[in-house]
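Notes to accompany the following structure.
The values are calculated or read from the model by the stated rules, or taken from the named source; none is laboratory data. What you are looking at is a predicted structure, and each value in this text was computed from that prediction instead of being measured. All Cβ positions, even for glycine, are placed from backbone atoms using ideal geometry, and neighbour counts span all protein chains on display.
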Number of protein chains: 2
Amino acid sequence: MTSSARPLRADAARNRELLLAAAEEEFAARGIDASIADIADRAGVAKATVFSHFASKEELIAAIVGGHFAALTAVARRLLATADPEAALSEFLTVAADGIKQQDLTFLRADDDSRVTELRNDLHVAVSALVDRARAAGAIRADITGTDVFLLICAPVHIAGCHPNAHPDLWRRYQAIIFDGLRPSGANPLPQPPPSWP
Amino acid sequence: MTSSARPLRADAARNRELLLAAAEEEFAARGIDASIADIADRAGVAKATVFSHFASKEELIAAIVGGHFAALTAVARRLLATADPEAALSEFLTVAADGIKQQDLTFLRADDDSRVTELRNDLHVAVSALVDRARAAGAIRADITGTDVFLLICAPVHIAGCHPNAHPDLWRRYQAIIFDGLRPSGANPLPQPPPSWP
DNA sequence: GACGAAGATGACCGGGCGATCAAGTTGCTA
DNA sequence: TAGCAACTTGATCGCCCGGTCATCTTCGTC
């Protein structure tokens, strides 16, 4: 991801990937409070190794979140080149939700100033383009902005997560409901103006 | 709330209310990880006093969450007696979101078996009644259940919370969008069946 | 106003956490 | 294959948290 100046040694590069994967799984399972010790155990390395790759826990989280942002941005840009604007937006929201299903990690911790903010802004731009195109095609109502959709990305997963015994695909139901709310047909005026960004 | 056998001493009752209020504020400000020490400080009592009123942190949280559930249930029941079914449902969602604006505390920690589960089920029943009436009146689409709306309660606040500099009333915008998605006009078939409860 | 019980308090404990560091090990290069 | 830098590691630190307890204070009652 980050093409740093010096190439990483072979074992170090392998451990770094192992750590990122383990951290992703552990954060998905235990939430943001997953301990560095557990992550190191899962990766099969010592705890101190984690801190030799990431200066702090926050930096580790930033690396994961940044990766998510970058991956989603790539998806959005690819979909921008497809034919059907409505299908493209719908597909993006589906891919995003499916990827985020693990944890809301993605959005909550993005407020600390860093490279992550830039990656988040990149995603915001890409999503806005997708939304502008869908709006121009009449697929979504006129008063919906890219920022609106950006904020709505993780809503379906969160909603389904409120259910104590949710089916793994329940979020698709709420995504469909929200998407219906975004469509022009039967749209009522909104009580609040669209949010600015950021 | 809990009409226990022995009446509380005057100072104890006052401290209990002080503690509940302080805990609510502290949890709202710092999230579920707010410390007992900070709560005690805010209430102006010693840390040990907290544990003389609530056996554990979980029990304190349960008391707060239970209070929210009970209050919302009362609101739902009252609205069930009003004239307009659509306005009643809309009003309920507004009141609920406005009250929850502080923290999602309400739903996340309700899975531990206790009296809270019962209060949550009471709320579920009351909301379902409100939804059934709105559906019968044609205000919402036929494939939406009480459980759906129950899960959707805290969505608007969560969505607005993803914005780094959100206007305090931004959640109203997303509530309106979601409510439009619940309306019969322009409804598309849902990809997933409604969830059972619980 | 005196007395007993209900309650409040500060000191304290055990544990888990993020983070550090000197010492040991391993991969790369010449 | 020798040597060095890059990397890993176990031990350890300081901190904060939830929770406990003996002791002291305060409320309610006669």
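The residue of region B:39-65 that is nearest to DNA strand C (Cβ to nearest atom), among those that are over 14 Å from B:Glu25 (Cβ atoms) and of a type in the set (Lys, Arg), is B:Lys47. Report whether or not A:Gly31 is within 14 Å of DNA strand C (Cβ to nearest atom), at pLDDT below 90 and either more than 10 Å from the chain's Cα centre (by Cα) or not aromatic (Phe, Trp, Tyr) (or both). Here the answer is yes, as A:Gly31 does meet what is asked.
Which pairs do you get when a residue that is more than 18 Å from A:Gly67 (Cα to Cα), found in region A:6-23, comes within reach of a residue that is assigned to a helix (DSSP H, G or I), reach meaning Cβ atoms under 7 angstrom, with the pair 6+ apart or on two chains? Short answer, once both residue conditions are applied: A:Leu8/A:Arg16. The residues of region A:177-186 that are within 7 Å of chain B (Cβ to nearest Cβ) and either surrounded by fewer than 19 Cβ atoms within 10 Å (Cβ to Cβ) or touching a helix residue (DSSP H, G or I) at 6+ places or on another chain (Cβ under 7 Å) (or both), listed by number, are A:Ile177, A:Ile178, A:Asp180, A:Gly181, A:Leu182, A:Ser185, A:Gly186. Against the test of being on the phi < 0 side of the Ramachandran plot and more than 8 Å from chain B (Cβ to nearest Cβ), the options A:Asp132, A:Asp169 yield a single qualifying residue, A:Asp132.
Taken as a whole, region B:126-142 holds at least one residue that is closer than 29 Å to B:Ala29 by Cβ and part of a helix (DSSP H, G or I). Can you find even one residue in region B:66-85 that is within 16 Å of DNA strand C (Cβ to nearest atom) and touching a residue at least 60 places away in the same chain (Cβ under 8 Å)? No, every residue in region B:66-85 fails to be within 16 Å of DNA strand C (Cβ to nearest atom) and touching a residue at least 60 places away in the same chain (Cβ under 8 Å).
A quick yes/no check of all residues on (1) modelled with pLDDT of 95 or more; (2) among the hydroxyl-bearing types (Ser, Thr, Tyr); (3) surrounded by fewer than 22 Cβ atoms within 10 Å (Cβ to Cβ):
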| residue | (1), (2), (3) |
| --- | --- |
| A:Asp104 | no, no, yes |
| A:Arg109 | no, no, yes |
| A:Asp112 | no, no, yes |
| A:Thr117 | no, yes, yes |
| A:Asp122 | yes, no, yes |
| A:Val127 | yes, no, no |
| A:Asp132 | yes, no, yes |
| A:Gly138 | yes, no, yes |
| A:Ala142 | yes, no, yes |
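Taking the conditions (1) at the interface with another protein chain (Cβ under 7 Å from one of its Cβ atoms); (2) assigned to a helix (DSSP H, G or I); (3) out of contact with any Gly (no Cβ under 9 Å at 6 or more places or on another chain) in turn, A:Asn121 satisfies each one other than (1).
I need a count of the residues in region A:116-154 that are under 19 Å from A:Ile32 (Cβ atoms) and touching a helix residue (DSSP H, G or I) at 6+ places or on another chain (Cβ under 8 Å). Give the steps one after another, and end with the answer.
So in region A:116-154, the residues under 19 Å from A:Ile32 (Cβ atoms) come out as A:116-117, A:119-120, A:153-154.
Those left that are additionally touching a helix residue (DSSP H, G or I) at 6+ places or on another chain (Cβ under 8 Å): A:116, A:119-120, A:153-154.
Of the residues in that region, 5 qualify.
Please pick out the residue among A:Leu60, A:Leu79 that is over 25 Å from A:Pro7 (Cβ atoms) and either within 14 Å of DNA strand D (Cβ to nearest atom) or not basic (Lys, Arg) (or both).
When all the criteria are applied, what remains is A:Leu79.
Here B:Ile36 passes the criteria (1) within 14 Å of another protein chain (Cβ to nearest Cβ); (2) within 11 Å of DNA strand C (Cβ to nearest atom) except the one numbered (1). Restricting A:His158, A:His163 to those that are modelled with pLDDT under 95 and assigned to a helix (DSSP H, G or I) reduces the list to A:His158. Taken over region A:26-45, the criterion of being surrounded by 13 or more Cβ atoms within 10 Å (Cβ to Cβ) and free of Cβ contacts under 8 Å to residues at least 60 places away in the same chain is satisfied by A:Glu26, A:Arg30, A:Ala34, A:Ile36, A:Asp38, A:Ile39, A:Ala40, A:Asp41, A:Arg42, A:Ala43, A:Val45. Selection of region A:65-86 for residues being under 22 Å from A:Asp38 (Cα atoms) and buried (at least 20 other Cβ atoms within 10 Å of the Cβ) yields A:Val65, A:Gly66, A:His68. Within region A:171-189, none of the residues are of a type outside the set (Val, Ile, Thr), without any contact (Cβ under 8 Å) to a residue 12 or more places away in the chain, in contact with a Leu (Cβ under 6 Å, 6 or more places away or on another chain) and outside any helix (DSSP H, G or I).
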